[in-house]
């Protein structure tokens, strides 16, 4: 099968942890590779955000990335991108017309809009993964921005495409509330590289040797990640030392506005000596960092595709996380970690105190986490479930022979 993936806003080649590269970039990269390993051909179409980028870059055997024009070749916010979506969709239509894919898989709502526009003449099946819905993100984050236009667009998309692959059960219910037919939505979770993220291997030396409880949080640096609540929570844990990974590389991380805000907060709480910002960590070094932690903490207000909890469990490290989005599905409370309500700093502190004094429980959570991830969340299994959805929509489009 020849598959066209559309990810206009998150390139699979982007440096993870950058301003526009998080879990979605990893998801598209890993899924495209896993599908290609199963004998299919995948091209990922993304927006050119740097004039120096090559038109086409091979990611591996039978998988490539193509950079298409869509506004000025630099990083743009969602609002800045919208006026250029037509240009990207037109460029996409030209490429798809030449390549002739069997199916289009769009990632995030703007990619879906571009894909449907580009597919008018081609008319092949379109599969949509939202990677988070506007209604849920607004409800969980309390953003002042008006989500109504995006919500209307996502609802129209869900009713127009051949299938929606939801990354968590919460999204399935939300799609139904939006009027998307239940039979059109399938649950296909995020995955994790179980070869790269494993308990076996060396560990990082990021923490001081005298750290009593080594806490780790990693990802893009933004208020919705809840790091401020985590800093507040460690006030009652005098032996805890928090490492925050993500953001700009090296000393540049200290110039980041969010880091400066968090540093001031840590100083106000009297914990600045126990909070360390290490900046961007190379993808291949992330497992070493996770393996060195006693607990990985994921206190975000919303996670559409929470990869970090999966990576932590794959490394045998217990997780404390907010019960939101895909995390509520992947982390089994009291078995692979502890789930807490969002915006509940005291519940977060209490969970950390329990694990700080119970190394046996931490070990048990770690063992159970490895088993859960390997049995349910490998990219090979996610690829198989994705391909099953592809086969269904392609089969539904095939004409039935006369007399049958």
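Anyone know which of 162, 371, 55 comes out most mobile in the 10 Å Cα GNM of the chain?
For the chain, modelled as a Gaussian network with Cα springs under 10 Å, the answer is 55.
Would you mind listing how long the range 45-138 runs along its three principal axes, going by Cα atoms, in whole Å with the largest first?
Cα extents, longest axis first: 38, 33, 25 Å.
Give me 150, 261, 58 ranked fewest to most by other Cβ atoms within 10 Å of their Cβ, as a rough exposure proxy. Mind dumping the intermediate values first?
Numbers: 150 19, 261 14, 58 10.
Starting with the residue having the fewest Cβ neighbours, the order is 58, 261, 150.
Let me know the Rg and Dmax you get for the range 150-280 when you use only its Cα atoms, in Å.
20.2, 57
Report the far tail of the P(r) of the range 213-376, meaning the percent of Cα-Cα pairs longer than 20 Å. Show your work: numbers first, answer last.
Values: 6057 of 13366 pairs.
It works out to 45 percent of all Cα pairs.
Can you give the helix-only mean residue ellipticity at 222 nm for the chain, where every DSSP H stretch with n ≥ 4 adds -39500 (n - 2.57) and the sum goes over all residues, rounded to the nearest 500 deg cm²/dmol?
Details: 15 runs with 162 residues, N = 404.
About -12000 deg cm²/dmol.
Based only on other Cβ atoms within 10 Å, what is the fewest-to-most ordering of 267, 225, 98? Kindly include the intermediate steps, with their values, before the conclusion.
Working: 267 13, 225 24, 98 7.
Going from least to most buried by this count: 98, 267, 225.
So what's the projected area for the chain, the Cα convex hull averaged over all directions, in nm²? Kindly include the intermediate steps, with their values, before the conclusion.
Working: hull surface 81.2 nm².
Averaged projected area of the chain's Cα convex hull equals 20.3 nm².
Sorted from fewest to most neighbouring beta carbons within 10 Å, what does the list 269, 45, 302 look like? Intermediate values should be presented prior to the final figure.
On the way: 269 16, 45 29, 302 23.
Ordered by Cβ neighbours within 10 Å, fewest first: 269, 302, 45.
With an 8 Å cut-off on Cα pairs and a minimum separation of 6 or more residues, tell me the relative contact order of the chain in percent. Please list the in-between numbers first.
On the way: 792 pairs, mean separation 60.0, N = 404.
With pairs under 8 Å counted, the relative contact order is 15 percent.
Which residue, 380, 66, 80, has the most motion in a Gaussian network model of the chain that connects Cα atoms within less than 10 Å?
In the Gaussian network model the winner is 80.
Pairing the Cα long axis of helix 23-37 with the longest principal axis of the chain, what angle in degrees results, from 0 to 90 and rounded to the nearest 10?
With rounding to tens, the tilt is 60 degrees.
Take every DSSP beta bridge with both residues inside the chain and express the antiparallel ones as a percent of the total, to the nearest 5.
On the way: 4 of 49 bridges.
The antiparallel proportion sits near 10 percent.
Would you give the gap between the C-alpha center of the range 47-115 and the C-alpha center of the range 296-325, rounded to a whole Å?
Computed from Cα coordinates, the inter-centre distance equals 30 Å.
Among rounded, prolate and oblate, which fits the range 73-117 when a ≥ b ≥ c are the square roots of the eigenvalues of its C-alpha gyration tensor, a/c under 1.5 means rounded, and a/b larger than b/c means prolate?
Details: a/c = 2.48, a/b = 1.73, b/c = 1.43.
Prolate, because a/c is 1.5 or more and a/b exceeds b/c.
If one puts a single equal scatterer on every Cα of the range 1-158 and applies the Debye formula without solvent, what log₁₀ I(q)/I(0) results at q = 0.10, 0.14, 0.21 Å⁻¹?
-0.33, -0.67, -1.51
Every number here is computed from the coordinates shown, using simple stated rules; none is lab data. Note that the structure is predicted; figures quoted are calculated from it, not measured. Here the Cβ is made from the backbone with ideal geometry for all residues, glycine too, and neighbour counts use every protein chain on show.
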